[in-house]
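Please treat every number below as a calculation from the coordinates, not as lab data. Since we're looking at a predicted model, the values are computed, not measured. In this analysis, Cβ positions are derived from the backbone assuming ideal geometry, glycine residues included, and neighbour counts consider all displayed protein chains.
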Amino acid sequence: MILQPGSAAPDFELTWRIGQPPVERASYQAGAPLVILFFPLAFSSVCTDEVCRVAEDWSSWESLGAKVVGISVDSPFVLARFAEEAGAAFPLLSDFNKTVAESFGVLNRDYFGMDGVADRAAFVVDPEGRVRYAWTDPDDSVLPDFDAIRAVVGGL
């Protein structure tokens, strides 16, 4: 079951680039609102659209003071290339061991026959570490409502 608003956001520490320090939720967030975007697989058409939309509208996220991360079960090598090609100014984190997707309740055990792929999901974590917005859709072709996410972030 997806983590619900009001819940404490799980801590995590995930790799984004080999040879770079991992991203740890609390220190990366550093008192700012945090937007967490789980996506199934890098380079798939809808995931590319999602990451590119955030990248292309990066100034609106910065103006809100939001920190943003994308998370998938892809390897950090794949995600580094994906971030580069999508122009993502935010970290795309590797949940290769699937622990973070599971802790947020968005680990899909049967994604077209693949065991352990993150569902498309979005969360907003407030500066105190509480989930203020949680969304997922069983249809992986549906993108998060970025206007609704920005409204929640703007209200924090």
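Looking at Ala80, Ala86, Ala30, which one is aliphatic (A, V, I, L, M), more than 24 Å from Glu128 (Cβ to Cβ) and free of Cβ contacts under 8 Å to residues at least 60 places away in the same chain? After applying the criteria, what remains is Ala86. Here the range 42-73 is the region considered, the condition is being assigned to a helix (DSSP H, G or I) and among the β-branched types (Val, Ile, Thr), and the residue that is surrounded by the most Cβ atoms within 10 Å (Cβ to Cβ) is Val51.
Run down Gly154, Gly105, Gly116 and say which single residue is over 15 Å from the mean Cα position of the chain (by Cα), crowded, with 16+ Cβ neighbours inside 10 Å and in contact (Cβ under 8 Å) with a residue 12 or more places away in the chain. Give the steps one after another, and end with the answer.
Details: Gly154 fails: crowded, with 16+ Cβ neighbours inside 10 Å; Gly105 fails: over 15 Å from the mean Cα position of the chain (by Cα).
Of the residues listed, the single one that is over 15 Å from the mean Cα position of the chain (by Cα), crowded, with 16+ Cβ neighbours inside 10 Å and in contact (Cβ under 8 Å) with a residue 12 or more places away in the chain is Gly116.
Only residues that are over 17 Å from Arg120 (Cα atoms) and part of a helix (DSSP H, G or I) were counted across the range 84-101, and they come to 3. Residue count for the range 11-41 under the criterion of being in contact with a helix residue (DSSP H, G or I) (Cβ under 8 Å, 6 or more places away or on another chain) and buried (at least 17 other Cβ atoms within 10 Å of the Cβ): the result is 13.
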